[in-house]
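In what follows, a structure is listed as structure tokens, so that the remarks can point back to it.
What follows draws every value from the coordinates through simple rules; no lab data is involved. Remember, predicted model here, so these are calculated numbers, not experimental data. In this analysis, Cβ positions are derived from the backbone assuming ideal geometry, glycine residues included, and neighbour counts consider all displayed protein chains.
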Amino acid sequence: MTGSAEEQVALYGDDGRPTGESVPRSQMRARNLRHAATLVVVRNSAGEVYVHRRTDTKDVFPGRYDFAAGGVLQAGEDPYEAAVREAAEELGVTGVELEVIGEDDYADAHTSYHAFAYTCVHDGPITWQPEEVAWGEWVSVERLREMLATLEFVPDTVAVLGERLLGEPALWHARSVTSVTSLATAMFTVADQDASLAFYTGTLGWDLRSDVAFGEGDTAGRWVEVAPPGSIAVLALNVAWDGSAPGGGAVGVEATDVRGERARLEQAGVAVGELMGGEGPVPLMFSVSDADGNTVWVVEAQPVTPEG
């Protein structure tokens, strides 16, 4: 994307065909709108599959491994032409005929799309696109099975192509423990983003982490994130896109001095809840609510007990 010319993405219906509408890529991601994407499995004459790791800056599934190149269809773009373009841009694969594998659908909390899957045989050099690929290697099918059981792969490629290529459905369920490592983003629904932003940054003293506009006209929106200073996780302040009422959310944050934090907010005129807990295994805590009825529980940080 260069300047204001943001990539326009074609929206797709449940029938797997374009609806005739298109939106900026940022809006498609923010609202998880149904679109279309290509998947291209690149093999060599020895039967090996090219596996790569996505860069940490990708807008969906960053840092994960993948055994297909591909990407989002732009507005008005033919699926086969999009697959040819993505294979060339992502891995430098050109001058080969793509064979159709088939079509399928995929949806989760991060992405929702109709997939057009292809494969090709390529014995030439691989040239990564630095913005897209951080690592890559030719691997045997057996090695790919091992990698799928031990490394974090993008779930969509595995869901769409895992059984077709490897004869093993739902490979991503092979893990015995969760692969989730941390809470990244909590979301509150608010009536007025500016007023909420003033409360969290001005009154509570949190940091503004993101304030990005997306879309145009009636489809325009705004993505706002705040967080306590030093926090890894963030809180998104969203206007309800589906017309639902704001409020009703709750998150917990840790503080090293719960009593002092409560006194600070009370002095600032914030309506704070009564102190609770503080005995036995229950940590000391209190609550504070924003104008929309979303609640933040401020909980005493528990000391870390050294192992050994």
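Residues with amide H under 5 Å of Gly136's amide H, sequence separation 5 or more or different chain, H placed in the peptide plane at 1.01 Å from N; which?
Result for Gly136 returns Arg53.
Can you list the residues, at least 5 places off or on another chain, whose amide H is less than 5 Å from the amide H of Glu254, using H built in the peptide plane?
Amide H neighbours of Glu254: Val299.
Based on DSSP H runs of at least 4 residues, each adding -39500 (n - 2.57), what is the mean residue ellipticity at 222 nm of the chain after dividing by all its residues, to the nearest 500 deg cm²/dmol?
-5500 deg cm²/dmol
Have a look at Leu275, Leu151, Leu235 and tell me which one the Gaussian network model of the chain (Cα, springs below 10 Å) gives the largest fluctuation.
Leu275
For the stretch 185-300, take N as its residue count and report Rg(C-alpha) divided by 2.2 N^0.38 Å.
Rg over 2.2 N^0.38 Å, computed on Cα atoms: 1.13.
Can you give the FRET efficiency for Glu274 and Ala233, using 1/(1 + (r/R0)^6), R0 = 22 Å, r = Cβ-Cβ distance, to the nearest 0.05?
0.25
Take the Cα pairs of the stretch 1-156, get the Kirkwood Rh, then feed it into Stokes-Einstein at 10 °C and 1.306 mPa s and tell me D in µm²/s.
99 µm²/s
Report which label in [x] 136; [y] 178; [z] 146 holds the value of volume of the Cα convex hull per residue in Å³ derived from the coordinates of this structure.
The listed entry that was calculated here is [y].
Taking θ = phi - 60°, what integer Hz values does the Karplus form 6.51 cos²θ - 1.76 cosθ + 1.60 yield along the stretch 206-211, in sequence order, with x for Gly and Pro?
7, 8, 7, 9, 7, 8
Mind telling me which of Asp56, Asp66, Asp156 comes out most flexible in a GNM of the chain, alpha-carbon contacts under 10 Å?
Result: Asp56 has the largest fluctuation of those listed.
At 0.36 nm per residue, minus the direct Cα-Cα distance, what do Asp211 and Val282 gain on full extension? Give it in nm, one decimal, please.
Details: separation 71, 0.36 × 71 = 25.56 nm, distance 3.61 nm.
The span from Asp211 to Val282 would gain 21.9 nm if fully extended.
Taking R0 as 35 Å, what's the FRET efficiency between Glu163 and Met187 from their Cβ-Cβ distance, rounded to 0.05?
Efficiency at R0 = 35 Å is approximately 0.55.
Among Val84, Val133, Val100, which one shows the biggest mean-square fluctuation in a GNM of the chain, springs joining Cα atoms closer than 10 Å?
Most flexible of the set in this elastic network: Val100.
Quick check: Cα centre of the stretch 47-65 to Cα centre of the stretch 25-45, how many Å?
13 Å
Which order results if Thr19, Thr157 are arranged by neighbouring Cβ count within 10 Å, fewest first? Let's see the in-between values first.
Details: Thr19 14, Thr157 24.
Ranked by crowding around the Cβ, least crowded first: Thr19, Thr157.
Have a look at Val41, Val258, Tyr106 and report the one farthest towards the positive end of the charge dipole of the chain, computed about the Cα centre with Cβ charges (Lys/Arg +1, Asp/Glu -1).
My answer, from the dipole projection, is Val258.
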